[in-house]
């Protein structure tokens, strides 16, 4: 499970008011879904949460992948596509000091395989470059909502 948390400062909360919380929630849903897409692309390219290439597959597993017509040049965690495809936005909830978007993996078997792969080479979560993009995206969404509110 990975979380994106948008915390409110007292000044921001006072400025946006409760009516804007729904807009912020929609914005965080957009940010989280964009992050899921970035995570999938990063993994497809063979990179882990450190933005570095993940270790190669074992020779036996690489051979099994080739037999199934899959690439084996880099670790992309896509033998069937189910595990990476099961990454989804689980919930967005309002907390006392902000909003939290929870990204997780659906299905017990997918989570089991994901956990094994996570231990071998961390891949599920946010890389440093993704964290920068998330922060920037949240700021842009908040700025846009504030401009809209001020325009009214």
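Computed from the coordinates by the stated procedures, all read-outs in this text should not be read as laboratory data. For clarity, every value in this text was computed on a predicted model and none was experimentally measured. Glycine also receives a Cβ, built like all others from the backbone with ideal geometry; neighbour counts cover every protein chain displayed.
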Whole-angstrom Cα spans of the range 2-151 along principal axes, big to small:
60, 27, 23
Computed over the chain: longest principal axis from alpha-carbon atoms vs helix 108-120 long axis, angle to nearest 10 degrees, is 80 degrees
For the chain, find the longest principal axis of its Cα atoms and tell me its angle to the long axis of helix 21-44, 0 to 90°, nearest 10.
20 degrees
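Counting helices only, and only those DSSP H runs with n ≥ 4, report the 222 nm mean residue ellipticity of the chain as the sum of -39,500 (n - 2.57) divided by its residues, in deg cm²/dmol to the nearest 500.
Values: 6 runs with 81 residues, N = 152.
Mean residue ellipticity at 222 nm (helix-derived): -17000 deg cm²/dmol.
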Kirkwood Rh over alpha-carbon pairs of the range 101-152, then Stokes-Einstein at 20 °C and 1.002 mPa s: what D in µm² s⁻¹, rounded to an integer?
155 µm²/s
The chain: angle of helix 128-151 to the longest principal axis, Cα-based, in degrees nearest 10
30 degrees
Suppose each label sits 7 Å from its Cα in the direction of the beta carbon; what would the residue 139-residue 38 distance come out to in nanometres?
1.3 nm
